[in-house]
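Note sheet for the following structure.
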Amino acid sequence: RCYSEAGAQWLETAPAAAGVAGPQTYVLPNDVGLALLDCSEAFRLLLRGERLYAHYLSRACWYGGLVVLLQTSPEAPAIYVLLSRLFRAQDPDQLGELARSTGLTDQEYQAFLVYAAGVFSNMGNYKSFGDTKFVPNLPKDKLRRLIWQSQAFQEQPEEMKLLWDRCGELMFSLDAQQRQLGLREKGTTTYFSGNCCLEDAQLAQKFLDSQNISAYNTRLFKEKDKAGQTCYEVRLASVLGTDAPVDHELAPKLRSFEFEGCTFRVTRGDYAPLLERVVENLQRTKAHAANTNQEHMLEHYIRSFTQGSIAAHKEGSRCWIRDKGPIVESYIGFIESYRDPYGSRGDTRFPPPHGFVAVVNKAMCGARGALCFREKVWGHSMGQVGLSQVSASPTSPDDDIRQTEGFKNVSLGNVLSVAYATQKDKLTFLAEEDKDLYIKWKGPSFEVQVGLHELLGHGSGKLFVQEEKGTCNFDREAVINPETGELIQSWYRGGETWDSKFSTIASSYEECRAECVGLYLCLNKDVLRIFELEGEDAEDVIYINWLNMVRAGLLGLEFYTPETGTWRQAHMQARFVILRVLLEAGEGLVSLQHTTGADGKPDALITLNRNKILPVGKPAIERFLRRLQVLKSTADVAGGRALYGGFSAVTDEGPERFLSLRDTVLLRKEARKMFVQANTRLEGEDVTLVQYEGTAAGLIRSFSERFPEDAELLERHLLELSDADSHFWHKPPKQLPSQSRA
């Protein structure tokens, strides 16, 4: 059930009408999966210097992770601060005793704990996987009553009242524009001011390309000057402000420009107080680096976050790639562009799902190293695009690094082991005879798919580029388009990137391309032998890998919004596209049926004919993959949008009736798991690991203890940074009393 504030009643969770999300879409269920990411044994085996390196690097990550709150929604920072103050004053058990005395049922208090855990886990009140808003699953007046009786309120009543005034309404609001992330009328975003639309984003991207400025660490704010002319501020994330000393790379860019009748002003200093903590901890990390590659990597990252330089971050990525086989692995920065409605700006790749510090599994690294083999998919006429000829860093957005430097791939083993643990009775949409095989081989098949997806999917595919000086990275008189048999007619110009050209579809299109590579190459027996899979086991892994992709395509419908015709999650859109491709291949390869479950409610059944994978599935994926690659390599945006948009369409036409199937998927969906992560603590000259129980309360405790020295100061920074930009989204909030000293 879900509590409806507007209707003041408990609602059943079934969707009310075809194509319309039911209220269960916007709450986290009380029985949501929570799992501890156990790393105690790996951490115990580290040497003291390695533990210190991991400690300071993870501190940098967690401080940077707070930036995500400012990248998510206007109310997210205030919600985080409100929850942080509640649980720093009283732990979940103490607050639970108070909740019962104020009239909350155990179910309602558990719903509040799950909501708080969701905010901490997602760094905001929108799902990091799916981009939909989630709201507390209890009456607003009961939550307000609990807050008013809390120890935090008794200690700071005025501040707690003001915090509630800032976020209480928005915390529960499910107005149409606030249900998902998006631009203007399609959703909420703080990457852009509230008055920006798609046309503003497109114009800004043209400007950034013209000045060779990366969008990854920027936000865009639009205003009118006194003369009524449109002015845009492009704000770079950095410790230093615009008036501070600037290095030679950024000096000519931090100024005002006239561009297509508008003024663009490039500034910096976004998130400065939080990035200052990141830099401080990166500097401490340097003292414990294992080699010069790590030292240089950290130096470049420090410069990047201090100055606002993406070029410096690229240099850090190059050093990261050269740091082969480290004991402690990591990545940090403004990287993934999934949550930017336009697809160009990165969220901070800090705490998972935004980043990581991890101990390397050397055995698995050895297996993946053996994956570097030659296999042509694109066609001999575009041999330069062969799979093994161009490698990439799957966690770096930099195409020039992908094409020249090499790659590293990281698989977080403890995440995969708990994320993909499957119970037979919760397996939806599969035939009974497939379920035991699916449970047995899902983990191994996923390891194969991830390795191929990252190393040879993202790690391949050349972009044809003509630099500003006219030089090309290809022979214009020799490269033939295998689709047309003629010389290629388009390519990237100086300053243009994959993300800037393909923008809103770039992330999903690229994930689809990498998934297709994984499906295609898992059919190669040499690949499977690398993973110690042969004979019947290898055949079963192939079958389950393809079956899992088909099922994921159906599950992806949860992340489609009929009201706006948009997809909210890049990977799930990609998998739906692959499902459509395999259905279109015909010949009985895949079937998708509407059925009725044992409970009498709508259900669906997926079947995959394993005997048709090689003769029908393989050529279908090969053809589609070649088309994706050719369009990407040649910067054919119109062709790419037409192809990808066509396969992404969700309608009720045809025998599958996907829009109706979406209701069935929502009816039977299972909430995504949340992970409880450890803390590290300095004790004298060494570091200890602090782990927590795998519950909502455990996750909350991990955050309450995450910033023991400066939690209150960080909360002030978040509110001040949020206040500074509040007029771009809504009326300025009332300031907390002590903020006048800032």
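Each value in this text was obtained by applying a stated rule to the coordinates, not by laboratory testing. What you are looking at is a predicted structure, and each value in this text was computed from that prediction instead of being measured. Note: ideal-geometry Cβ built from the backbone for every residue, glycine included; neighbour counts use all protein chains shown.
Just a few scattered comments:
- Once backbone amide H atoms are built at 1.01 Å from N, G597 has D603 as its partners under 5 Å, excluding neighbours fewer than 5 places away on the same chain.
- Å³ per residue enclosed by the Cα convex hull of the range 305-345: 94
- Cross-link pairs K222/K501; K442/K669; K253/K501; K462/K525 - those with Cα-Cα distance over 24 Å: K462/K525
- Put simply, the amide H of M674, placed in the peptide plane, has neighbours under 5 Å in G33, L34, A35, leaving out anything fewer than 5 places away on its chain.
- Working note: Karplus 6.51/-1.76/1.60 with θ = phi - 60° gives the range 585-597 the couplings 4, x, 6, x, 5, 10, 10, 9, 10, 7, 9, 10, x Hz, where Gly and Pro are set to x.
- Rounded to the nearest 20 debye, dipole of the chain from Cβ charges on Lys, Arg, Asp, Glu: 360
- Each of A724 and K525 was given a label point 7 Å from its Cα along the Cα-to-Cβ line. The distance between the two points is 6.2 nm.
- Violating pairs (Cα-Cα greater than 29 angstrom) within the set K206/K314; K424/K601; K186/K314; K206/K469: K186/K314
- Summarising the label geometry, the points placed 7 Å from Cα in the beta-carbon direction at H594 and Q154 lie 5.8 nm from one another.
- The percentage of C-alpha pairs in the range 601-721 whose separation is greater than 26 Å is 62%.
- Among beta bridges from DSSP that stay inside the chain, the antiparallel ones total about 70%.
- Simple spin-label estimate for E97 and E295 gives 5.4 nm between the two label positions (7 Å along the Cα-to-Cβ direction from each Cα).
- Amide H contacts of F192: L220, each under 5 Å away and 5 or more positions distant or on a separate chain (H built 1.01 Å from N in the peptide plane; Pro and chain starts excluded).
- The packing ranking, built from the mean of other Cβ atoms within 10 Å per residue, places the peptides 678-688, 626-636 in the order 626-636, 678-688, highest first.
- The residue list F464, V448, C512 was ranked by how far each Cα lies along the charge dipole of the range 429-512 toward its positive end, using unit charges on Cβ atoms, and F464 comes out on top.
- Two-decimal log10 I(q)/I(0) for the chain, as the Debye equation yields it once each C-alpha is a single scatterer, q = 0.06, 0.09 Å⁻¹: -0.35, -0.84
- Note on the range 512-606: Cα-only Rg and Dmax are 15.6, 48 Å.
- Over the chain: helical MRE at 222 nm, DSSP H runs n ≥ 4 each giving -39500 (n - 2.57), nearest 500: -13500 deg cm²/dmol
- Placing +1 on the Cβ of every Lys and Arg and -1 on the Cβ of every Asp and Glu, with no other charges, gives the range 583-683 a dipole of roughly 360 debye about its Cα centre.
- Intensity falloff of the range 648-693 expressed as log10 I(q)/I(0), Debye formula with alpha-carbon point scatterers, at q = 0.21, 0.24 Å⁻¹: -0.80, -0.89
- Coordinate range along principal axes, alpha carbons of the range 484-562, Å, largest first: 49, 39, 24
- Positive minus negative residues near R44 (Lys, Arg vs Asp, Glu; Cβ under 13 Å): -2
- HN-Hα J in Hz across the range 712-727 - Karplus 6.51, -1.76, 1.60, θ = phi - 60°, x for Gly and Pro: 5, 5, 4, 4, 4, 4, 4, 5, 5, 5, 5, 4, 4, 10, 4, 5
- In the range 438-502, the alpha-carbon atoms span a convex hull of 138 Å³ per residue.
- Other residues whose C-beta falls under 11 angstrom from the C-beta of L605 contribute a net charge of -2, scoring Lys and Arg +1 and Asp and Glu -1.
- For the range 554-656, alpha-carbon Rg relative to the globular expectation (2.2 N^0.38 Å, N residues): 1.19
- Förster radius 60 Å - calculated FRET efficiency between D537 and K226 (Cβ-Cβ, nearest 0.05): 0.25
- Charge sum, other residues only, whose C-beta stays under 15 Å from W567's C-beta, Lys/Arg counted +1 and Asp/Glu -1: +2
- Look at the dipole of the chain built from charges on Cβ: of Q593, S256, V676, the Cα furthest out on the positive end belongs to S256.
- Packing-based ranking of 435-443, 26-34 yields 26-34, 435-443, ordered from highest to lowest mean Cβ neighbour count within 10 Å.
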